[in-house]
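Presented below is the structure to which this report refers.
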Amino acid sequence: MRATNLTRIIGEVEDLPTLPRTILKITEVVNNPKSSAKDLAKVITDDQVLTARLLKLVNSSFYGFPQKISTVTGAIVLLGFDAIRNLLLTTSIFDLFSNKNRKDRFKREKLWDHSLGCAVGAKVIGNSLRYEKIEELFVSGLLHDIGKIVEILFLPGDFAKVASMVENKNILMITAEEHVLGYTHSEVGKLLIKRWNLPPKIVNVIAYHHQPTLAGKFSKEAAIVHLADILCRAMNMGSGGDNKIPPLNKSAWETLQLKLSSIEPIMEEMEKEFEDISLFLSHS
Ligand SMILES: [Fe+2]
Ligand SMILES: [Fe+2]
């Protein structure tokens with residue numbers, strides 16, 4: 001049963017009305033080491049909506065560049081390939097979560113806040129560890145529970161069963177998913193992210209955000225998102241669908257080598273950045 005359901009999802013994920021074609025092309029260009037800023041600019045400028053959005057975002061107070069940036073190439077030079085890809089990916093994911101035509105809108109908005117909280121948390125923890133690729137941590141946090149969106153869209157009946165089990169038994173969503181589906185949103189998310197051709201690091205973090213020590217060479221990144229997920233739950237930023245705070249994985253905590261005293265400043269910074277970015281995205 002487990003295999004059948006997962007196979008079904010893989011088949012249907014192909015039709016998932018998610019990332020616009022342009023974002024997939026952008027990912028391809030960014031992943032190709034031979035690509036130039038000109039190549040990337042060409043893909044972006046072919047899409048007028050995305051171009052307008054990008055210029056608006058880079059000129060917003062969130063980035064705070066002193067001069068006006070009027071060309072896509074200028075934005076690419078200033079922000080870099082990965083940041084541009086992640087920025088456009090973030091706004092597209094935002095659209096996916098806030099699809100207003102669906103009845104489950106409310107649930108998805110809470111999930112979006114939870115995802116954004118986790119993204120911000122991963123970024124802030126990464127900063128305090130002086131981790132270099134902060135952008136990737138942010139995107140990993142943003143996408144960590146994307147499998148839940150797939151479940152909401154493609155398995156609405158099963159998802160409703162999971163949700164009521166979570167509520168009635170006061171258990172974690174992953175526990176209910178194992179009971180009802182035989183797999184969790186981590187596995188579903190992994191399939192989707194692979195299909196989107198995002199880097200293996202992001203794929204692994206999403207696959208193992210609940211079991212960070214299994215993420216192999218990416219266990220540090222998975223531990224960062226694992227901790228961010230717990231912190232944003234503790235801070236009530238949105239909701240991932242259950243009310244419990246999962247236990248912190250002990251080895252993940254050791255991997256991070258964070259001081260206990262740094263948690264409070266991390267949470268304060270998360271609070272501040274969460275507000276800033278929510279405002280920024282709601283105007284994009
Ligand atoms: Fe999760
Ligand atoms: Fe989560």
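The values are calculated or read from the model by the stated rules, or taken from the named source; none is laboratory data. All values derive from a computational prediction rather than experimental measurement. So basically every Cβ, Gly included, is an ideal-geometry build from the backbone, and we count neighbours across all protein chains shown. Keep in mind that these areas ignore ligands, DNA and RNA; they rest on the heavy atoms of the full protein, side chains included. Shrake-Rupley method; radii C 1.70, N 1.55, O 1.52, S 1.80 Å.
Among the residues of this structure, Arg102 does not count as one that is surrounded by 14 or more Cβ atoms within 10 Å (Cβ to Cβ) and modelled with pLDDT under 85.
Restricting attention to region 164-196, the residues being farther than 25 Å from Ala222 by Cα and of a type in the set (Gly, Ala, Ser) number 1. Scanning region 61-83 for residues that are of a type in the set (Gly, Ala, Ser) and surrounded by 15 or more Cβ atoms within 10 Å (Cβ to Cβ) turns up Gly74, Ala75, Ala83. Taken together, the criteria place Ser239 among residues that are touching a residue at least 24 places away in the same chain (Cβ under 8 Å) and touching a Lys or Arg at 6+ places or on another chain (Cβ under 6 Å).
Taking the criterion of being without any contact (Cβ under 8 Å) to a residue 60 or more places away in the chain and open to solvent by less than 10 Å² (accessible area, probe 1.4 Å), the residues of region 185-202 that qualify are His185, Ser186, Gly189, Ile193. In summary, helices (runs of 4 or more DSSP H) completely within region 84-194 and bearing 1 or more residues that are within 16 Å of ligand 2 (Cβ to nearest atom) and either under 19 Å from the mean Cα position of the chain (by Cα) or charged (D, E, K, R) (or both) occur at 105-128, 134-143, 146-154, 173-180.
In the condition set (1) assigned to a helix (DSSP H, G or I); (2) at pLDDT 90 or above; (3) open to solvent by 70 Å² or more (accessible area, probe 1.4 Å), Ile44 is compliant with all but (3). Among the residues of region 205-236, the ones that are open to solvent by 40 Å² or more (accessible area, probe 1.4 Å), assigned to a helix (DSSP H, G or I) and within 16 Å of ligand 2 (Cβ to nearest atom) come to 1 in all.
Only one entry in Leu214, Leu248 is without any contact (Cβ under 8 Å) to a residue 12 or more places away in the chain and either more than 19 Å from Lys272 (Cα to Cα) or more than 15 Å from ligand 1 (Cβ to nearest atom) (or both), namely Leu214.
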